[in-house]
Amino acid sequence: MDDDTYDLTLTALAYGGDALGRIPSARGGPERVVFVPFGITGERVRVRLTEQRRGFARARLLEVLEPAPQRIAPRCKHFGVCGGCHYQHMPYDLQLQAKTGILRDQFHRIGHIHAPPVREAVGCPEPYYYRNHVQFHVAPEGRLGYVAAFSEPQVGLPILPITECHLPEPPINQLWPQLELEPGSGIERVSIRQGAGEELLVALESETPDLPDLEVEAGVSVVHLYGEHSAVLAGRDHLAMSVLGRDFRVSAPSFFQVNSVMAAKMVEHILAGLPPHPALILDVYCGVGLFSAFLAARCQRLIGIEASPSACDDFAANLDEFENVELYQDAAERALPVLDVHPDLALVDPPRAGLAPAALDALVRMHPQALAYVSCDPSTLARDAARLLRGGYRMRSSTPFDLFPQTYHIESITWFDA
């Protein structure tokens, strides 16, 4: 074996999709941690180092020398070279166990929270064909694909054209193979969203207003997004998404949970944890109003905060029936410090970066009776949880919801009580 090839035993799974092993230090010091994709705890593997940093390294899996008894054959032929999935080699129950353990570990390691009250992950009834929204990159030849699992830093992000994907809902899977753009079209990404009644919307994203040449079947909406602008090429600029029997208007640029079945489970979890008879609920990063639409009837007053203009327009349409709802279009770190309110419940659903310090400090000063933190990144959640605990809160529970089977991504809802 060459100097960059090692045989090692994998000892744990890390957030990000990798398994962990250890190799001797290059200079005789402490062992170095090695991050290895597509492995399982307990396996003996052969790897080649692809990146070396002070204290750790990254490697590519060359061969599984002693496979774990749980290892299964992946469903997709692109698994292992495509960067979209990370866990297809693991049975679904093992994926759920891994995500529960990783969330608990992040609280302990990053938040320094001893014995965090993490509940078992809530699984998805269908761990394949669950995504109502999928985004493809466009390869130079015009074919749709995903970012490859491995790339060289100096090359950038290589796009792997694909011929199959087992994550989108069936109507999306029937449409995307028919889409192919001319080379040099200027389109960088193609998104497809499926709404209620299997309605489809295709969003073409580019940096210029030049209209792309693309033919799609009748009945499919097509929107061109460039910069902060949009142009409807066919059909409408929005879809109706349905959760727990309620329809939501969602425009092409607006965010909405990609797993409708699991979004319903999250809404039910929030409703079950509400404090009794809340007078004021604050919904921060409220988006198009997924949670607000179910909370507004349960409180005297609801305030939403959202920065995205398209999401704010959708929120106004989705919450139009309620007289007790207010909406502030601004970034949370600007809006919260100037709000003089004392909510009974603060619900926050920030992006992966978590809560900005100014927003988090403002929430601590408001001191709501309860705070529900919807997170898509356990590392920033753990960081923010530590700040909330220092601010006088107690963690009631943290529950992972598996909105992203076959991937390392972990959605969760964590309750804090004053």
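The values are calculated or read from the model by the stated rules, or taken from the named source; none is laboratory data. Please read these numbers as outputs of a predicted model, since none were measured by experiment. Methodologically, a virtual Cβ is constructed for each residue, glycine included, from the backbone with ideal geometry; neighbour enumeration extends over all protein chains shown.
Of the residues G304, G289, only one is surrounded by 18 or more Cβ atoms within 10 Å (Cβ to Cβ), within 27 Å of D402 (Cα to Cα), within 20 Å of the chain's Cα centre (by Cα) and at pLDDT 95 or above; which? Spell out the reasoning first.
Values: G304 fails: within 20 Å of the chain's Cα centre (by Cα).
That would be G289, the only listed residue that is surrounded by 18 or more Cβ atoms within 10 Å (Cβ to Cβ), within 27 Å of D402 (Cα to Cα), within 20 Å of the chain's Cα centre (by Cα) and at pLDDT 95 or above.
For segment 230-246, what are the residues that are touching a residue at least 12 places away in the same chain (Cβ under 8 Å) and more than 23 Å from the chain's Cα centre (by Cα)? Listed by number, the residues that qualify are S230, A231, L233, A234, G235, R236, D237. Taken over segment 320-348, the criterion of being in contact (Cβ under 8 Å) with a residue 60 or more places away in the chain and surrounded by 21 or more Cβ atoms within 10 Å (Cβ to Cβ) is satisfied by P343, L345, A346, L347, V348. Candidates in segment 58-115 are the residues that are in a loop (DSSP other than H, G, I, E, B) and of a type in the set (D, E, K, R); of these, the one that is nearest to F404 (Cα to Cα) is R75. Quick check, is A218 outside the structural domain of A356 (by TED's automatic domain parsing), surrounded by fewer than 18 Cβ atoms within 10 Å (Cβ to Cβ) and in a loop (DSSP other than H, G, I, E, B)? Yes: the conditions hold for A218. Taken over segment 19-60, the criterion of being in contact with a Pro (Cβ under 7 Å, 6 or more places away or on another chain) and modelled with pLDDT of 95 or more is satisfied by E43 alone.
Yes or no, residue by residue, for (1) within 30 Å of I187 (Cβ to Cβ); (2) buried (at least 17 other Cβ atoms within 10 Å of the Cβ):
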position: T50; (1), (2): no, no
position: A59; (1), (2): no, yes
position: P67; (1), (2): no, no
position: P74; (1), (2): yes, yes
position: K77; (1), (2): yes, no
position: Q106; (1), (2): no, yes
position: R119; (1), (2): no, no
position: Y129; (1), (2): yes, no
position: G142; (1), (2): yes, no
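Does at least one position in segment 197-207 carry a residue that is in contact with a Cys (Cβ under 9 Å, 6 or more places away or on another chain), surrounded by 14 or more Cβ atoms within 10 Å (Cβ to Cβ), farther than 15 Å from H137 by Cβ and touching a residue at least 12 places away in the same chain (Cβ under 8 Å)? For segment 197-207, residues in contact with a Cys (Cβ under 9 Å, 6 or more places away or on another chain), surrounded by 14 or more Cβ atoms within 10 Å (Cβ to Cβ), farther than 15 Å from H137 by Cβ and touching a residue at least 12 places away in the same chain (Cβ under 8 Å): absent. Across segment 155-173, the number of residues qualifying as surrounded by 13 or more Cβ atoms within 10 Å (Cβ to Cβ) and either modelled with pLDDT under 95 or not polar (S, T, N, Q) (or both) comes to 12. Of all residues in segment 197-229, those that are over 24 Å from the mean Cα position of the chain (by Cα) and of a type in the set (S, T, N, Q) total 2.
Please verify whether L144 is in contact with a strand residue (DSSP E or B) (Cβ under 9 Å, 6 or more places away or on another chain) and either in contact (Cβ under 8 Å) with a residue 60 or more places away in the chain or assigned by TED's automatic domain parsing to the domain that holds T50 (or both), treating the condition exactly as stated.
Details: in contact with a strand residue (DSSP E or B) (Cβ under 9 Å, 6 or more places away or on another chain): yes; either in contact (Cβ under 8 Å) with a residue 60 or more places away in the chain or assigned by TED's automatic domain parsing to the domain that holds T50 (or both): no.
Spelling it out, it is not the case that L144 is in contact with a strand residue (DSSP E or B) (Cβ under 9 Å, 6 or more places away or on another chain) and either in contact (Cβ under 8 Å) with a residue 60 or more places away in the chain or assigned by TED's automatic domain parsing to the domain that holds T50 (or both).
Taking the conditions exactly as written (part of a strand (DSSP E or B) and under 20 Å from V348 (Cβ atoms)), does D247 satisfy them or not? Give the steps one after another, and end with the answer.
On the way: part of a strand (DSSP E or B): yes; under 20 Å from V348 (Cβ atoms): no.
In short, no.
Looking at segment 19-36, can you tell me whether even one residue there is in contact with a Gly (Cβ under 9 Å, 6 or more places away or on another chain), in a loop (DSSP other than H, G, I, E, B), closer than 27 Å to R131 by Cα and not assigned by TED's automatic domain parsing to the domain that holds H137? Within segment 19-36, none of the residues are in contact with a Gly (Cβ under 9 Å, 6 or more places away or on another chain), in a loop (DSSP other than H, G, I, E, B), closer than 27 Å to R131 by Cα and not assigned by TED's automatic domain parsing to the domain that holds H137. Does A317 qualify as being over 21 Å from P275 (Cα atoms), touching a residue at least 40 places away in the same chain (Cβ under 8 Å) and over 24 Å from the mean Cα position of the chain (by Cα)? When the stated conditions are applied, A317 passes them. If you go through segment 79-94 and keep only what is surrounded by 19 or more Cβ atoms within 10 Å (Cβ to Cβ), under 22 Å from P378 (Cα atoms) and over 16 Å from the mean Cα position of the chain (by Cα), you end up with Q88, M90. When segment 371-411 is filtered for residues that are touching a strand residue (DSSP E or B) at 6+ places or on another chain (Cβ under 8 Å), assigned to a helix (DSSP H, G or I) and charged (D, E, K, R), only D384 remains. Taking first residues from segment 288-308 that are within 14 Å of L347 (Cα to Cα) and among the acidic types (D, E) and partners that are modelled with pLDDT of 95 or more and assigned to a helix (DSSP H, G or I), the Cβ contacts under 9 Å between residues at least 6 apart in sequence or on separate chains come to E306/C312; E306/F315; E306/A332.
For segment 259-275, the criterion of being in the same structural domain as V122 (by TED's automatic domain parsing), over 25 Å from Y130 (Cα atoms) and without any contact (Cβ under 8 Å) to a residue 60 or more places away in the chain is met by no residue. Restricted to segment 133-207, the set of strands (runs of 3 or more DSSP E) holding at least 1 residues that are under 24 Å from Q88 (Cα atoms), out of contact with any Ser or Thr (no Cβ under 7 Å at 6 or more places or on another chain) and not hydroxyl-bearing (S, T, Y) comprises 133-138, 144-147, 159-161, 187-194.
All of L175, L201 fail the test of being closer than 17 Å to V216 by Cα and touching a Lys or Arg at 6+ places or on another chain (Cβ under 7 Å), apart from L201.
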